[in-house]
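Heads up, the thing below is written out as structure tokens.
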Amino acid sequence: MMRNIIEIENVTKHYGAFAALSDIDLTIGEGEVVCVIGPSGSGKSTLIRCINLLETYCDQGSIRVDGIPVQPGPTLGQVRAEVGMVFQSFNLFPHMSVLKNVMLAPMRVRKTPAAEAAAKARELLGRVGIAEQADKYPGHLSGGQQQRVAIARALAMEPRVLLFDEPTSALDPEMVGEVLDVMRQLAGTGVTMVVVTHEMGFARQVADRVIFMDGGRIVETGTPAQIFDTPKEERTRNFLSAVLNH
Amino acid sequence: MDLFETFFNVPVFIRTFPLLMSGLVVTLQIGVTSIIAGLVLGLCLSLLRMYAPAWLRLPVAVYIDIFRSIPLLVLLIVVYYALPFVGIRLSPFLSAAVSLTLVSGAYTAEIFRAGIQAIPSGQFEASRALGLSYKDMMIDVVLPQAIKIVIPPLTNNCINVMKDTALASVVAMPDLLKQATQAQALAANPTPLIGAAIIYLAFLWPLVALVSRFENRLGRRGA
């Protein structure tokens with residue numbers, strides 16, 4: 001039996017009268033790879049941003065990561081150290097070299113000595129295939145390379161959970177593959193991954209479980225085969241036929 | 001008497017030059033003290049204005065608005081001539097430095113705020129997602145990027161502070177302008193005033209030119 005690492009109970013979030021999330025219940029097991037799909041504005045990004053409290057969900061409900069409640073206060077740092085995040089727009093630190101980008105959080109948060117952090121950073125940059133770019137600045141890298149640095153930066157904290165918020169949506173088409181390849185390698189290393197994505201091929205191939213969201217609700221959840229081949233809900237079918245047959 | 005002898009009287013200039021130099025030293029002392037204190041005050045005020053609890057943010061915002069509205073000369077006279085009535089007696093140097101700092105801090109706070117707000121929200125989110133503390137986020141990520149943006153307007157503010165030090169002559173501070181007016185009275189000739197004007201120009205003009213260069217460079221990068 002898989003241990004639960006993320007437990008989301010009855011989470012609801014409103015922006016004024018608009019319900020961004022309604023009654024979300026979701027548990028994710030350790031090492032599981034979950035892809036969240038759905039139309040724009042369906043609450044996918046909001047949901048994963050609640051997991052490390054980049055969005056507050058104070059309206060209602062509770063989220064726990066590895067048993068620790070995700071809420072403002074002294075335990076939040078612990079949660080964020082365990083939960084890495086990769087953003088759509090990379091959000092690398094432009095005034096630091098690639099190596100420093102990857103070294104910063106371990107040095108500041110985990111108090112890792114600089115030499116050790118640098119060695120670890122070089123190893124991670126090697127793992128995502130850009131060891132030779134370590135001393136360049138983010139602005140001199142392609143989008144695909146920048147996103148791979150962002151993945152290495154998140155991995156440097158040795159997180160138990162990695163959140164991906166549409167990691168390939170801002171990339172030129174020819175660079176999508178290199179980022180997905182890195183993510184494919186990560187799946188199966190034991191790290192729990194929650195991936196908001198429009199890459200249906202990736203979701204089908206890599207996910208243990210696919211979640212379809214619409215209108216701030218989880219409409220349907222199942223294995224990739226269940227969701228993509230035999231979706232039960234009409235909304236899921238409509239969405240999939242719109243994105244797959246274009 | 002011809003014009004040249006009146007305004008550019010070389011013997012008078014040479015005679016009064018040491019007096020002008022001692023005034024310049026005082027001007028630089030007031031200016032540099034106020035600029036540094038204003039920078040520290042401004043950084044603290046800007047952080048409080050943006051991130052302090054609401055009950056503290058409002059008074060800080062009010063402070064910033066008041067000290068950007070009040071004429072420096074009025075503030076200086078209040079500090080020097082009015083505060084003694086409540087038992088606060090500041091020397092001319094302190095009066096000038098405190099007044100300049102209070103005002104410069106208010107302007108600097110707004111400059112820092114603009115610089116920090118120009119940093120994309122993704123930088124804050126990435127820092128928080130990595131688990132960085134507020135202090136580390138500011139020191140390692142936000143401020144180093146904001147500093148680059150605020151250097152031209154900060155330099156501008158420094159120039160303004162330096163120019164405004166001339167107001168200290170009103171409270172009997174022997175700064176460059178005061179010494180020049182005294183030298184003028186002694187020599188019965190306005191050459192020292194022209195000399196003072198030239199000295200002000202000589203060290204402020206390069207700073208003005210520097211700001212233009214910064215701004216051109218930033219403009220090119222933005223384009």
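The values are calculated or read from the model by the stated rules, or taken from the named source; none is laboratory data. Everything numeric here is computed off the predicted structure, so don't read it as measured data. Cβ placement follows ideal geometry from the backbone for every residue including glycine, while neighbour counts extend to all protein chains displayed. These area figures cover heavy atoms from the full protein model, side chains too; ligands, DNA and RNA do not enter into them. Shrake-Rupley method; radii C 1.70, N 1.55, O 1.52, S 1.80 Å.
Residue count for the range A:10-25 under the criterion of being within 19 Å of the chain's Cα centre (by Cα) and of a type in the set (D, E, K, R): the result is 1. Scanning the range A:143-158 for residues that are within 13 Å of chain B (Cβ to nearest Cβ) and either aliphatic (A, V, I, L, M) or open to solvent by 20 Å² or more (accessible area, probe 1.4 Å) (or both) yields A:Gln146, A:Val149, A:Ala150, A:Ile151, A:Ala152, A:Ala154, A:Leu155, A:Ala156, A:Met157, A:Glu158. All conditions in (1) open to solvent by 20 Å² or more (accessible area, probe 1.4 Å); (2) within 14 Å of chain A (Cβ to nearest Cβ) hold for B:Leu177, with the sole exception of (2).
Among the residues of the range A:87-142, those that are among the aliphatic types (A, V, I, L, M) and either open to solvent by 40 Å² or more (accessible area, probe 1.4 Å) or at the interface with chain B (Cβ under 9 Å from one of its Cβ atoms) (or both) comprise A:Leu92, A:Met96, A:Leu104, A:Ala105, A:Met107, A:Val109, A:Ala114, A:Ala115, A:Ala119, A:Ala131. Within the range A:43-65, the set of residues being farther than 10 Å from A:Lys13 by Cα and within 14 Å of chain B (Cβ to nearest Cβ) comprises A:Ser45, A:Ile48, A:Arg49, A:Ile51, A:Asn52, A:Leu53, A:Leu54, A:Val65. Does any residue of the range B:92-112 turn out to be within 14 Å of another protein chain (Cβ to nearest Cβ), open to solvent by less than 40 Å² (accessible area, probe 1.4 Å) and in contact with a Pro (Cβ under 9 Å, 6 or more places away or on another chain)? No, that holds for no residue. Going by what's in this entry, would A:Arg217 be described as among the basic types (Lys, Arg), under 19 Å from the mean Cα position of the chain (by Cα) and either over 26 Å from B:Glu125 (Cα atoms) or open to solvent by less than 10 Å² (accessible area, probe 1.4 Å) (or both)? So A:Arg217 fails the test. Taking the range B:23-61 as the range and being outside any helix (DSSP H, G or I) and either in contact (Cβ under 8 Å) with a residue 12 or more places away in the chain or closer than 24 Å to B:Ile147 by Cα (or both) as the test, only B:Ala52 passes.
When restricted to residues that are in contact with a helix residue (DSSP H, G or I) (Cβ under 6 Å, 6 or more places away or on another chain) and more than 7 Å from chain B (Cβ to nearest Cβ), the range A:67-82 contains 2. Say whether the condition of being under 18 Å from the mean Cα position of the chain (by Cα), more than 20 Å from A:Ile37 (Cα to Cα), surrounded by fewer than 19 Cβ atoms within 10 Å (Cβ to Cβ) and charged (D, E, K, R) is met by at least one residue in the range A:179-196. No: zero hits.
Table: residues versus (1) part of a helix (DSSP H, G or I); (2) open to solvent by less than 20 Å² (accessible area, probe 1.4 Å); (3) at pLDDT below 90.
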position	(1), (2), (3)
B:Val141	yes, yes, no
B:Ala146	yes, yes, no
B:Asn160	yes, no, no
B:Gln182	yes, no, no
B:Ala196	yes, yes, no
B:Arg217	yes, no, yes
